[in-house]
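Student: Quick one: the structure is below, and I'll ask about it shortly.
The values are calculated or read from the model by the stated rules, or taken from the named source; none is laboratory data. Just so we're clear, the structure is a prediction, and the values are computed from it rather than from any experiment. Virtual Cβ from ideal backbone geometry, glycine too; neighbours counted across all protein chains shown.
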Amino acid sequence: MIEILQSIIPTALFYSAPLIFTALGGVFSERSGVVNIGLEGLMVMGAFVGIVFNLAFADVLGAWTPWISIIIAIIIGALFSIIHAVASVSFRANQVVSGVAINFLALGIGVFLTKQWYGKGQTDMVSEPFYTTNIPLLSDIPIIGPMFFKSMYLTSYLAIILAFIAWYILYKTPFGLRLRAVGEHPMAADTNGISVYKMRYIAVIISGGLGGLGGSVFALTIASNFSQSTIVGQGFMALAAVIFGKWHPLGAMGAALFFGFAQSLSVVSASIPFLADVPQVFLLIAPYVLTILALAGFIGRADAPRANGEPYIKGTR
């Protein structure tokens, strides 16, 4: 049993990290009252930027390339999300339609530029992806060491740490209080001098940065190149993690870990006796089936921020 856990846990954490980053972005956006269906598109843009930057600067930056690549992806994701912010906040467009448009636009831009720059439907494989590492001393701890600290990606730890930071920001700081206020009762927040539009813009831009981070981490740890099929459904799974996690950073992290575990089953199934004979196709669709089951079972008891999805018009309720 211990051997099974030692193979499942690192793989589950590996697959969970991109979902955690993106789901945290969704929490910020939706806590401010802006539904962000565009998480998939933000991940696509992050994956595209992360891979292209990595390919372009690997010879110059060396081992630092993947880290700088994800920083650039965060910046571009944040800038790209301004489109959704302008449409949803300033123009008060339907937030779901705007998010869907972001998904199509990001994929279109990524695929078009890939064909223009590389002359084919996918980029080359990166030479400087993220690599697994052993944490000194901790990886030598019996039983626990191989599960949590051996052959791990540092991005997995970064995702978990960031979830706690997001919780602290949202629930322990004045900024978090203001952000949650505009998502619950924007008119009351406005009356108290909080700029609803400004807070929502900031939240959507944070969401874009974290979505770009999630996409770039996925591309630089799992895919290692970019094509139209690099990000397929991960953004929607992150959105499901937001809902499953009841719009709470730590809840979203837990849901993302659950979905990451589901994704890892198809990879580690050969080493697990009771999964070895299960047809591979069932294990590949397991994450999506579990996503549907999770939402069907829990969404009825999860209360979204009261003003979520409702454009704010100053002077109205």
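Student: What residue, of Val52, Val35, is β-branched (Val, Ile, Thr), in contact (Cβ under 8 Å) with a residue 60 or more places away in the chain, under 25 Å from Ile109 (Cα atoms) and in contact with a Phe, Trp or Tyr (Cβ under 8 Å, 6 or more places away or on another chain)?
Tutor: After applying the criteria, what remains is Val52.
Student: While we're on this one: So Ser69 ticks every box in (1) closer than 15 Å to Phe236 by Cα; (2) within 17 Å of the chain's Cα centre (by Cα) but one. Which box is left unticked?
Tutor: Answer for Ser69: the failing condition is (1).
Student: Does Lys120 fit the bill of being of a type in the set (D, E, K, R) and in a helix (DSSP H, G or I)?
Tutor: The answer is no for Lys120.
Student: Does Ala219 satisfy being closer than 22 Å to Leu79 by Cα, buried (at least 17 other Cβ atoms within 10 Å of the Cβ) and hydrophobic (A, V, I, L, M, F, W, C)?
Tutor: In short, yes.
Student: Shifting gears a bit: Looking only at residues that are small (Gly, Ala, Ser) and surrounded by 14 or more Cβ atoms within 10 Å (Cβ to Cβ) in the stretch 253-270, which one is farthest from Leu13 (Cα to Cα)?
Tutor: Filtering the stretch 253-270 for residues that are small (Gly, Ala, Ser) and surrounded by 14 or more Cβ atoms within 10 Å (Cβ to Cβ), the one farthest from Leu13 (Cα to Cα) comes out as Ser269.
Student: What about Gly251, is it without any contact (Cβ under 8 Å) to a residue 40 or more places away in the chain, closer than 20 Å to Tyr157 by Cα and either in contact with an Asp or Glu (Cβ under 9 Å, 6 or more places away or on another chain) or not charged (D, E, K, R) (or both)?
Tutor: When the stated conditions are applied, Gly251 passes them.
Student: Same structure again: Would you check which residues across the stretch 1-56 are β-branched (Val, Ile, Thr), over 25 Å from Arg306 (Cβ atoms) and modelled with pLDDT of 95 or more and list them?
Tutor: Within the stretch 1-56, Ile20, Val44, Val49, Ile51, Val52 qualify.
Student: Taking the criterion of being of a type outside the set (A, V, I, L, M), within 30 Å of Lys198 (Cα to Cα) and not in a loop (DSSP other than H, G, I, E, B), would at least one residue in the stretch 149-165 satisfy it?
Tutor: yes
Student: Of all residues in the stretch 148-199 being of a type in the set (D, E, K, R) and loosely packed, with under 15 Cβ neighbours inside 10 Å, which is nearest to Lys314 (Cα to Cα)?
Tutor: Lys198
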